[in-house]
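A.B. asks: Quick one: the structure is below, questions incoming.
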Amino acid sequence: MEKEMKKSEWPLWEVFIRSKAGLDHKHAGSLHAADEQMAIENARDVYTRRMEGVSIWVVESKYIHASDPGEADSLYDPANDKIYRHPTFYNLPDEVKYM
Amino acid sequence: MGQSLQEHFDAMIDKDITIEPKDWMPDDYRKTLIRQISQHAHSEIIGMLPEGNWITRAPSLRRKSVLLAKVQDEAGHGLYLYSAAETLGISRDELYDQLHTGKAKYSSIFNYPTLTWADMGAIGWLVDGAAIMNQVPLCRTSYGPYARAMVRVCKEESFHQRQGFEIMLTLSKGTAVQKKLAQDAFNRWWWPSLMMFGPPDAESPHTEQSVRWRIKRFTNDELRQKFVDVTTEQAKVLGLEVPDKDLKWNEERGHYDFGSINWDEFWNVVKGNGPCNKQRLDARKTAWEKGQWVRDAAMAHAEKRKAKAAKAA
């Protein structure tokens, strides 16, 4: 599908919201805005009408780089056979406490 | 191994694994989603017009604040959905263009006029009620950005329906004139609300494929029946009469039987001949065209600020 960006269209921004102090910012969606200030203000109106956030990050969508789902198998392969990285791999006697 | 892209896609769908924007997908799946999501987004945007008509005439400050918040939510829902559609590779300008040229449709229900304040109650109760019934299953639709947008939409919609029911309840417990207004709004919005679920399954060209792709999770007729069953019970609480003389509980089916829907009217409104089609589209186009200078000015301002910052650095 052709993606023709008309000159009049405002740039696209990705919005990330921290829902409360102590938590990570999480992707909420995207929106159009002329600049970063307007993107934050629009994000407040579009994504936090019910106090869903205490902090907003915006980044222009063109700066997001993403891994290729088609290469997922090879990309994550190194982690596949290393079950000894998980605590449940180790058998300890029941009488051992606090471990 | 050696699985084709199509087989891989089909397997993901069968296993109920969500499809994301960068995953390979068949062209028709993409097209169907763009059609459905954009139609939904356009409905939210056009849907602001019939209710916007009553904001300045709301009977109290409370009702006015509520209606404003509801209409603002609808703008928000339109925006969530447009951005979900854009992840499929279509631009916002193209989407607007399809709406403004009449190439894309929006829900026909918004081509009916809002004649009295009671219509705000009937719309919230019936139109939002039908929309919620349609939308809740879409929270598990196969395309990730659409499903996530729908989770937000559904969370917010429930107040829309409740505030509408509250208006109906207040009117139906009020004076004889108020009760009459409520019944009149019910009479006018009932049948168009049933039409919101779309044509009968036998005549719905997209249903089978959409169910296969898990874009749709229930058929039009299944959802319509559920709506009739639930809403008929709610009407009893209001003490209002469902405007259908054929409506009758069917013990054997465990559902209400209901009268036949005037599908000629439905198709006529879809084709552009409803009471308000022209008015709605004109309002939308005028808003877009008259807003052009604002969009241009904002862009010019942003560029000027950027240039200034670059110079200062």
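The values are calculated or read from the model by the stated rules, or taken from the named source; none is laboratory data. Note that the coordinates shown come from a computational prediction; the quantities given were computed from them, not determined experimentally. Ideal geometry is used to build each Cβ from the backbone, glycine not excepted, and the neighbour counts take in all protein chains shown. In case anyone asks, the SASA skips ligands and DNA or RNA and just uses the protein heavy atoms, side chains included. Shrake-Rupley method; radii C 1.70, N 1.55, O 1.52, S 1.80 Å.
A.B. asks: For the stretch B:93-192, place one equal point scatterer on every Cα, skip the solvent, and apply the Debye formula. What is log10 of I(q)/I(0) at q = 0.19, 0.20 Å⁻¹?
C.D. replies: Once normalised to I(0) and log-transformed, intensities are -0.97, -1.01.
A.B. asks: Run the paramagnetic zone check for B:SER65: 7 angstrom along Cα to Cβ, then residues of the stretch A:30-74 with backbone nitrogen under 17 Å.
C.D. replies: Inside the label zone: A:49-51.
A.B. asks: Roughly to the nearest percent, how much of the accessible area of the stretch B:171-309 is carbon and sulfur, given a 1.4 Å probe?
C.D. replies: On the way: 4620 of 8290 Å².
The nonpolar share, carbon plus sulfur, comes to 56 percent.
A.B. asks: Moving on. How big is the accessible area of B:ASP27 in square angstrom, nearest 10, if you roll a 1.4 angstrom probe over the protein chains?
C.D. replies: Counting only protein heavy atoms, the figure is 100 Å².
A.B. asks: Pick out which of B:THR87, B:THR170, B:THR286 has the largest mean-square fluctuation in a Gaussian network model of chain B, springs linking Cα atoms closer than 10 Å.
C.D. replies: B:THR286
A.B. asks: Below 8 Å between Cα atoms, with a sequence gap of 6+, how large is the relative contact order for the stretch B:18-166 in percent?
C.D. replies: Once normalised by length, the contact order is 31 percent.
A.B. asks: Which whole-Hz ³J(HN,Hα) couplings does the stretch B:31-39 yield from phi under the Karplus relation 6.51 cos²θ - 1.76 cosθ + 1.60, θ = phi - 60°, glycine and proline marked x?
C.D. replies: With coefficients 6.51, -1.76 and 1.60, one gets 5, 4, 5, 4, 4, 5, 5, 5, 4 Hz.
A.B. asks: Between A:GLU71, A:GLU41, A:GLU52, which gets the highest mean-square fluctuation from a Gaussian network model of chain A, Cα cutoff 10 Å?
C.D. replies: Its mean-square fluctuation being the largest, the pick is A:GLU71.
A.B. asks: On to the next question. Measure off, as a whole percent, the carbon and sulfur share of the 1.4 Å-probe accessible area of the stretch B:1-87, all protein chains present.
C.D. replies: 56 percent
A.B. asks: Would you mind computing, in nm to one decimal, how far apart the modelled labels at A:LYS82 and B:ASP221 are, each placed 7 Å from Cα along Cα→Cβ?
C.D. replies: 5.6 nm
A.B. asks: Another one. How large is the accessible surface of A:LYS26 in square angstrom, using a 1.4 angstrom probe and rounding to the nearest 10?
C.D. replies: The accessible area comes out at roughly 150 Å².
A.B. asks: What residues in the stretch B:21-67 lose 40 Å² or more of accessible surface when the other protein chains are added to their chain alone (1.4 Å probe)?
C.D. replies: By number: B:LYS22.
A.B. asks: Related question: Measuring with a 1.4 Å probe in the full set of protein chains, what accessible area per residue, in whole Å², belongs to the stretch B:30-70?
C.D. replies: 43 Å²
A.B. asks: Show me you know the interface measure: the accessible area buried between B and A, both chains summed, probe 1.4 Å, in Å² to the nearest 100.
C.D. replies: So the buried area, both faces added, is about 2400 Å².
A.B. asks: Specify the residue with the greatest mean-square fluctuation among A:TYR84, A:TYR47, A:TYR63, computed from a Gaussian network of chain A linking alpha-carbon atoms under 10 Å apart.
C.D. replies: Maximum among the listed residues: A:TYR84.
A.B. asks: What value, in deg cm²/dmol to 500, does the helix sum -39500 (n - 2.57) over DSSP H runs of n ≥ 4 give at 222 nm once divided by the residues of the protein assembly as shown?
C.D. replies: Estimated from H runs of four or more residues: -17500 deg cm²/dmol.
A.B. asks: Report the full-extension gain for the segment B:ALA298 to B:ASN187: residue separation times 0.36 nm, less the Cα-Cα distance, to one decimal in nm.
C.D. replies: The span from B:ALA298 to B:ASN187 would gain 35.4 nm if fully extended.
A.B. asks: Working from the alpha-carbon coordinates of chain B, get Rg over Rh, Rh being the Kirkwood radius.
C.D. replies: That ratio is 1.01, to two decimals.
A.B. asks: Ratio of alpha-carbon Rg to the 2.2 N^0.38 Å globular estimate for the stretch B:85-130, to two decimals, please.
C.D. replies: 1.58
A.B. asks: Same structure, new question: Have a look at the stretch B:277-313 and report residues whose accessible surface goes down by 50 Å² or more when the remaining protein chains are included, against the chain on its own, probe 1.4 Å, ligands and DNA/RNA excluded.
C.D. replies: Going by heavy-atom accessible area, the residues of the stretch B:277-313 that drop by at least 50 Å² are B:MET299, B:ARG305.
A.B. asks: While we're on this one: In a shell of Cβ-Cβ distance under 9 Å around A:ILE56, excluding A:ILE56 itself, what net charge do Lys and Arg (+1) and Asp and Glu (-1) give?
C.D. replies: +2
A.B. asks: Here's another thing I want to ask about it. Going by a 1.4 Å probe on protein heavy atoms, which residues of the stretch A:54-99 end up with at least 50 Å² less accessible surface in the whole assembly than in their chain alone?
C.D. replies: Residues shielded by partner chains are A:PRO69.
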